[in-house]
Amino acid sequence: MKIPIFKLDSFTDRRFSGNPAAVCPLNEWLSDELLQNIAAENNLSETAFFTKTKDAFHIRWFTPVTEVNLCGHATLAAAAVIFEKLGYKLDTVLFESKSGMLTVKKEADMYVMNFPSDKLTSFDPPGELIEALGERPDEAFQGREDYLFVYDSEDKIAEIKPDFKSLALISLRGVIITAQASGYDFVSRFFVPSAGIDEDPVTGSAHTTLTPYWSKRLNKKELKARQISSRGGDLVCRDKGDRTEIAGRVAFYLEGLIEV
């Protein structure tokens, strides 16, 4: 069986930056074991698979080791494939997912995702979590799937060197660290070793947590963000109340077939 595959760099307009994702359009669903094997073979932070339904597309996302409930950069990549490679004529793609209905629309040279916003609860992080990061935050929150740690400077975000073995043992999916920044409203990094990814290059889903926090703190509904991983990527985030819009660009890298 041959399956189309595309590789794209998300949240960037330049190849070899942003967050790489693989996208595999399917005529029908394969077994979970085969989907996971394909994702492991791709060895990217996420591979997106989708099938066409009556009025939308059903999308799923896999890291090299597990399926996840929500992934922004691979959704952005999947929408770009649908718009640019599959001849889709409407201006909005609808995705059915484990996180409910998601939409992606074209807006000039960007794709704009609409995701459910996270809800944050302030908490006192345990000592082992602080030790794993090596730096106590000014504020700490627990979201739907991740922790959010807020620091006082962009330099501190760049300098943190986590103990990934310790972080892999936390109860939630991952840890987002963030600070206000010059040139952007905020910067962030995202660590998720429990899903087989020590540091994700650019994480759309993390910005459903970041956007409500920074929108309230800065009293702004539209925010410019940068994830300062080694590859780096840019996002435009809009606070829509219980929804978050996340906009970014993509760069196509590869188109081909895999054989399974």
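Every read-out reported here was derived from the displayed coordinates using simple, explicitly stated rules and does not represent laboratory data. Only a predicted model underlies this, so the values are computations on that prediction, with no experimental measurement involved. Don't worry about glycine lacking a Cβ; one is built from the backbone with ideal geometry, like all the others, and counts go over all protein chains shown.
What is the local net charge at Ile170, summed over the other residues whose Cβ is closer than 10 Å to its Cβ (Lys, Arg +1; Asp, Glu -1)? Walk me through the intermediate numbers first.
Working: positive: Arg173; negative: Glu128, Asp146.
Neighbourhood net charge equals -1.
Only Lys, Arg, Asp and Glu carry charge here, each on its Cβ (+1 for the first two, -1 for the last two); on that basis the chain has a dipole of about 780 debye about its Cα centre.
Please report the antiparallel percentage of the DSSP beta bridges confined to segment 121-239, to the nearest 5. Show your work: numbers first, answer last.
On the way: 21 of 29 bridges.
Percent antiparallel among DSSP bridges in segment 121-239 is about 70.
3J(HN,Hα) couplings calculated from phi for segment 14-24 with the Karplus curve 6.51 cos²θ - 1.76 cosθ + 1.60 (θ = phi - 60°) are, in sequence order, 10, 4, 6, 9, x, 10, x, 9, 9, 10, 10 Hz; Gly and Pro show x. Shown is the FRET efficiency for Lys52 and Ser171, computed with R0 = 41 Å from the Cβ-Cβ distance and rounded to the nearest 0.05: 0.65. Segment Met110..Arg136, full-extension length gain: 5.7 nm, with 0.36 nm per residue of separation and the alpha-carbon distance subtracted.
Residues in segment 111-125 carry Karplus couplings, in order, of 10, 10, 8, 10, 10, x, 6, 7, 10, 10, 10, 5, 8, 9, x Hz; the curve used is 6.51 cos²θ - 1.76 cosθ + 1.60 with θ = phi - 60°, and Gly or Pro positions show x.
Provide the net charge surrounding Ser205, with neighbours chosen by a C-beta distance below 12 Å and charges set as Lys +1, Arg +1, Asp -1, Glu -1. If you can, show how the numbers build up before the last one.
Working: positive: Lys98, Arg144, Arg173; negative: Glu46, Asp118, Glu145, Asp146, Asp200.
Spelling it out: positives minus negatives among the neighbours equals -2.
The label-point distance for Lys220 and Ile258, in a model that sets each label 7 Å from Cα toward Cβ, rounds to 3.8 nm.
First measure r as the distance between the Cβ atoms of Phe164 and Asp32, then evaluate 1/(1 + (r/R0)^6) with R0 = 22 Å and state the FRET efficiency to the nearest 0.05.
On the way: r = 26 Å, r/R0 = 1.20.
Using R0 = 22 Å, I get an efficiency of 0.25.
Short-range pairs are left out: with C-alpha atoms under 8 Å and at least six residues apart, the relative contact order of segment 121-239 is 19 percent.
Extent of segment 121-239 along its three principal axes (Cα atoms, max minus min coordinate, largest first): 35, 30, 24 Å. Its relative contact order, with pairs defined as Cα atoms under 8 Å and 6+ residues apart, puts the chain at 24 percent.
Scalar couplings 3J(HN,Hα) for segment 103-108, obtained by applying the Karplus form with A = 6.51, B = -1.76, C = 1.60 to θ = phi - 60°, are 10, 9, 10, 8, 9, 6 Hz; x denotes Gly and Pro. A cut-off of 5 Å between modelled amide H atoms, ignoring neighbours fewer than 5 places along the same chain, links Lys119 with Arg144. Mean-square fluctuations from a GNM of the chain, with a 10 angstrom spring cutoff on Cα atoms, peak among Trp214, Trp61, Trp29 at Trp29.
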